[in-house]
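The values are calculated or read from the model by the stated rules, or taken from the named source; none is laboratory data. All values reported here derive from a predicted model rather than from experimental measurement. A quick note on method: Cβ atoms are made from the backbone with ideal geometry, for glycine too, and the neighbour counts reach across all protein chains shown. With ligands, DNA and RNA removed, areas are computed over all heavy atoms of the protein, side chains included. Shrake-Rupley method; radii C 1.70, N 1.55, O 1.52, S 1.80 Å.
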Amino acid sequence: MQRKIPVRILVSVVLTLLVALPSAWGSGSGDSWTGKAAPPFELVDTEGSPLKLTDFVGKKVVWLNFWGLRCGPCIKELPVLQKFYRDNKASGLVVIGINADGVDNAFIKAQFAQRDDLKAAGVSFPLAADASFGVMDAYGLMGAPLNVLIDKKGVVRYRHEGYEEGDEAKYLPIVQKLLAE
């Protein structure tokens, strides 16, 4: 005689898995990246200045934001990142916006000069193209935006994909903790 699993139990198990699995896949501080050395990178920003992780290790907390020009949540998050940068750069935070569109720095710079939504973001932190997708691949970009917080020792301490209004409340205590270390 076969026993059937009651539908209520099956639905409960499925819902539990749907809630638990995203956090296990790296949507926060408990993911497989946390505690590991950040992959090194070398880029040039839209102003022509070099950006290397090794230049910041031992000195700054690094916030990498992988974003796209056609990504609505990415554009909405830019003013939030600008505020974090403005409020915390004197304390040792550097925010680096890494474009995930496969375009060059000149194109990014032109878009910021032309588009009202980008102008309104008021971005003053460094922006850089990753036209070869090497840095994106090294950091396991699966969806944008992707935020990676790296401590002063060069260790990934937080990684979060996506952006919804209010995510900044999660970021604040993490940034404050890392800056205090």
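Filter the range 151-181 for residues that are of a type in the set (A, V, I, L, M, F, W, C) and part of a helix (DSSP H, G or I); which is farthest from Pro39 (Cα to Cα)?
Among them, the one singled out is Ala169.
Of the conditions (1) within 15 Å of the chain's Cα centre (by Cα); (2) free of Cβ contacts under 8 Å to residues at least 60 places away in the same chain; (3) open to solvent by 10 Å² or more (accessible area, probe 1.4 Å), Asn99 fails just one. Which one is it?
Here Asn99 meets the rest and fails (3).
Taking the criterion of being open to solvent by 40 Å² or more (accessible area, probe 1.4 Å), within 20 Å of Leu51 (Cα to Cα) and not acidic (Asp, Glu), would at least one residue in the range 165-179 satisfy it?
Checked against the condition, which is being open to solvent by 40 Å² or more (accessible area, probe 1.4 Å), within 20 Å of Leu51 (Cα to Cα) and not acidic (Asp, Glu), the range 165-179 yields no hits at all.
Being over 16 Å from the mean Cα position of the chain (by Cα), over 17 Å from Gly140 (Cα atoms) and modelled with pLDDT of 95 or more narrows it down to one residue among Val44, Val61, Val57; which is it?
Val44
Would you mind listing the helices (runs of 4 or more DSSP H) fully within the range 54-150 where at least 1 residues are among the polar types (S, T, N, Q)? Step through it out loud before you land on a result.
On the way: elements: 72-88, 105-114, 116-121, 134-138.
Of the helices (runs of 4 or more DSSP H) lying wholly inside the range 54-150, those with at least 1 residues that are among the polar types (S, T, N, Q) span 72-88, 105-114.
Which residue, of Ala138, Ala169, Ala113, is in contact with a Phe, Trp or Tyr (Cβ under 7 Å, 6 or more places away or on another chain) and more than 14 Å from Asn65 (Cβ to Cβ)? Before you say what the answer is, go through the steps one by one.
Values: Ala169 fails: in contact with a Phe, Trp or Tyr (Cβ under 7 Å, 6 or more places away or on another chain); Ala113 fails: in contact with a Phe, Trp or Tyr (Cβ under 7 Å, 6 or more places away or on another chain).
None of the others qualify; the one that does is Ala138.
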